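The values are calculated or read from the model by the stated rules, or taken from the named source; none is laboratory data. All figures in this text were calculated on a predicted structure; none of them were measured in a lab. All Cβ positions, even for glycine, are placed from backbone atoms using ideal geometry, and neighbour counts span all protein chains on display.
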């Protein structure tokens, strides 16, 4: 029986005969608020500690919350990014001024597109201290939601139920999460909006709401619209309409709230000044150690910067190498997506042309000598969307360490499929676990700064880990979408 078809279970851990009276007191206390939170977010209450679920799973979630609280208490707030939000909100909603041209005294530029200006309206008028406290509280709440909603959904396809224990703990130990808490970033909000779209695809509910959630998730990072490719090869019309309507609404709102000329200014000041070897004026160097993109990794070897010793001063070569690497990532990702998605096209074509009988005979002949190719399901959507999200991260000119939280679903898929799966070889599980550990331990606070910003191998390690994550997922999708007549390893 496939994981999607097995009987639904309630609670966290996958029933192991634990009596209801044995539940932890804190688990019982959290039951109603967590179940209500899950229902409000469209998540079935898998986390409610009902009968038949192991208390071990609740222990995992409770330990994760405790770890989150302890680490958060040790992280000081930094107002660098919050000051950018506050300044932009003041200029737009108080002074009615364009937020993109730089003024004397500006530290970092506001780089989000005008669609993101609507997010600044609620914070207009807040002091830096008030805004910092509000963002810390919001991100703590969103971190808890990520632990419950994303892990709970992905655990539906985990027969061992181990992800319900280790998923929240992995998130609680994820360094990129705490950088979002420290700097007051909005990536957790964007992650949950994108996850709404992801969840709809894996449940085959490609309605207008899914498209709208993806559009909203791209409100500040429009390049993540590439995740729309995951709805292929023939996306539902309702999904397209929902995405277009939501995107159009965001643009209309931006034209209403943004000062005149903001779109032109954003393009001139931000988009047109960014390249494969340079970021907009006032921004960190593209070669900064905390830039984990392909452009950042290559720039540290070839583009003049204060962080690394160059092997050659040749920005033109860096641009060519980065462009080639981006094309390779796009081409390889596209090929894997096509290999996986063509199964749907083949099925539709057979139905439309009356070739079902012939295909049935071919399938029977193939099954006589091989393991049949599994139909495209939730796992395939997980793998496809994971590959796209990683590709988007790699090909962007700047992907900072705190952007790694947008790869949490992909990391959790690898945790479920490659580390916690008991059928995997120990060596394979160890290798995948090592990749996830490097991603989680960002090294930003574990290694002295003077070493961290002067060692090219260390500065490149995080990008290498992201590439390794892509390779692990690509291998599994390749195996699952193998040609008919070839054996697909389990």
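Evaluating residue 325 against the criteria (1) touching a helix residue (DSSP H, G or I) at 6+ places or on another chain (Cβ under 7 Å); (2) in a loop (DSSP other than H, G, I, E, B); (3) modelled with pLDDT of 90 or more leaves one unmet condition, (2). When residues of the range 273-292 are filtered for being buried (at least 24 other Cβ atoms within 10 Å of the Cβ) and in contact (Cβ under 8 Å) with a residue 40 or more places away in the chain, how many remain? Counting residues in the range 273-292 that are buried (at least 24 other Cβ atoms within 10 Å of the Cβ) and in contact (Cβ under 8 Å) with a residue 40 or more places away in the chain gives 4.
The number of residues in the range 114-130 that are touching a helix residue (DSSP H, G or I) at 6+ places or on another chain (Cβ under 6 Å) and part of a loop (DSSP other than H, G, I, E, B) comes to 1.
A single entry from 343, 360, 376 fulfils the requirement of being more than 30 Å from residue 289 (Cβ to Cβ), in contact with a helix residue (DSSP H, G or I) (Cβ under 7 Å, 6 or more places away or on another chain), in the same structural domain as residue 411 (by TED's automatic domain parsing) and modelled with pLDDT under 95: 376.
Residue 410 fulfils the conditions (1) more than 19 Å from residue 162 (Cβ to Cβ); (2) buried (at least 16 other Cβ atoms within 10 Å of the Cβ); (3) modelled with pLDDT of 95 or more except for a single criterion, (1). There is at least one residue in the range 315-330 that is buried (at least 19 other Cβ atoms within 10 Å of the Cβ), more than 29 Å from residue 476 (Cα to Cα) and assigned by TED's automatic domain parsing to the domain that holds residue 397. Filter the range 293-314 down to the residues that are loosely packed, with under 15 Cβ neighbours inside 10 Å and touching a helix residue (DSSP H, G or I) at 6+ places or on another chain (Cβ under 9 Å) and list them by number. Hits for the range 293-314 are 304, 309, 311, 312, 313.
Could you figure out which of (1) surrounded by 14 or more Cβ atoms within 10 Å (Cβ to Cβ); (2) free of Cβ contacts under 8 Å to residues at least 24 places away in the same chain; (3) under 23 Å from residue 176 (Cα atoms) isn't true of residue 66? Looking at each condition in turn, residue 66 falls short on (1).
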